[in-house]
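Please read through the structure below; I'll follow up with questions.
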Amino acid sequence: SQGAMGGRGAFILFEGADRCGKSTQCKLLVDGLNSRGVEAELWRYPDRTTAIGKMIDGYLQSQTDMDDACVHLLFSANRWEKRKLMLEKLASGVTLVIDRYGHSGTAFTAAKKQPGLDLEWCKSTDAGLPAPDALIYLEMPVEETLKRDGFGGERYEKTEFQREVVKNYELLRRDAWKCLDASRTIEDLHADALKIAMGAVEECRTGKPLGTLWE
Ligand code: TMP
Ligand code: MG
């Protein structure tokens, strides 16, 4: 079935370092879209509910250890295993608002600075996955994210590591990214995100083809 207004749904991606407000904005955006008659769902990566996702969850909570390349491949596989459903949802007219994707995958693994796990290798495992129609990057200095609730206890929630992650996002950054200053109010950010998303929804509804990483 096609969406109520015909055409495919949009893939809206939020990226940024830990604690920059992505999850809050994702929830607000899905509600905002739904209340404007745009059928939208909230997805997140890692999706910790699958068998692969449970392995990732154990790793992030430091219950298990894993080779750095191996866990990178699991994060990537966790996206590939959801690809078919993603494509079906988008084709049926549903807009997907997604909290993290392959950009997190590359920014975080490359931050480990392990031989062989450079940006290009990290990107390669996601090549061919559906590309976002709009990427909203919430930009915030690591010092500012620390002033918020503070990090939780997960594996990557360390100041120095997050600094490397932010540097990698800068290296991945493209002109098409919509970069928003994450220190603005929740309401201001939401207003901008909604405008960006409604633009992408309209483009996709009227025939914009879905791209693939890493275009
Ligand atoms: P979350 O806090 O958004 O649930 O993400 C969990 C952590 O996993 C976060 O520190 C970012 C990291 N991550 C990766 O290292 N690789 C990936 O591919 C993804 C999606 C997240
Ligand atoms: Mg987290």
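When you scan segment 132-141, do you find a residue that is out of contact with any Phe, Trp or Tyr (no Cβ under 9 Å at 6 or more places or on another chain) and within 16 Å of ligand 2 (Cβ to nearest atom), even just one?
Yes, that holds for at least one residue.
Next question. Hey, could you check segment 85-115 for residues that are of a type in the set (S, T, Y) and within 16 Å of ligand 2 (Cβ to nearest atom) and say which is farthest from E157 (Cα to Cα)?
Result: Y101.
Take the conditions within 15 Å of ligand 2 (Cβ to nearest atom), of a type outside the set (V, I, T) and not in a helix (DSSP H, G or I) and apply them to F14. Does it pass?
In short, yes.
Of everything in segment 156-165, what is within 15 Å of ligand 2 (Cβ to nearest atom) and in contact (Cβ under 8 Å) with a residue 40 or more places away in the chain? Give them in sequence order.
Selection gives Y156, E157, F161, Q162, V165.
Could you check, for segment 71-85, whether at least one of its residues is in contact (Cβ under 8 Å) with a residue 24 or more places away in the chain, part of a loop (DSSP other than H, G, I, E, B) and more than 21 Å from A111 (Cα to Cα)?
yes
One residue is enough: does segment 193-213 have a residue meeting the conditions of a type in the set (A, V, I, L, M, F, W, C), part of a loop (DSSP other than H, G, I, E, B) and within 16 Å of ligand 2 (Cβ to nearest atom)?
no
Next up: Looking only at residues that are assigned to a loop (DSSP other than H, G, I, E, B) and in contact with an Asp or Glu (Cβ under 8 Å, 6 or more places away or on another chain) in segment 109-128, which one is surrounded by the most Cβ atoms within 10 Å (Cβ to Cβ)?
A111
Residues are listed down the side, and each one gets a yes or a no for (1) free of Cβ contacts under 8 Å to residues at least 12 places away in the same chain; (2) of a type in the set (A, V, I, L, M); (3) surrounded by 14 or more Cβ atoms within 10 Å (Cβ to Cβ):
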{"residue": "E139", "(1), (2), (3)": "no, no, yes"}
{"residue": "E154", "(1), (2), (3)": "no, no, no"}
{"residue": "N168", "(1), (2), (3)": "no, no, yes"}
{"residue": "L171", "(1), (2), (3)": "no, yes, no"}
{"residue": "D188", "(1), (2), (3)": "yes, no, no"}
{"residue": "A200", "(1), (2), (3)": "no, yes, yes"}
{"residue": "G207", "(1), (2), (3)": "no, no, no"}
{"residue": "L210", "(1), (2), (3)": "no, yes, yes"}
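Let me ask you something else. D65 passes all but one of (1) within 17 Å of the chain's Cα centre (by Cα); (2) part of a loop (DSSP other than H, G, I, E, B); (3) not β-branched (V, I, T); which number fails?
Answer for D65: the failing condition is (1).
Out of all the residues in segment 17-62, which are among the hydroxyl-bearing types (S, T, Y) and over 14 Å from the mean Cα position of the chain (by Cα)?
The answer is S35, T49, T50, Y59, S62.
No lab work stands behind these numbers, since they all come straight from the coordinates. What you see is a predicted model, and the numbers here were worked out from it, not measured in a lab. All Cβ positions, glycine included, derive from the backbone under ideal geometry; neighbour counts span all protein chains shown.
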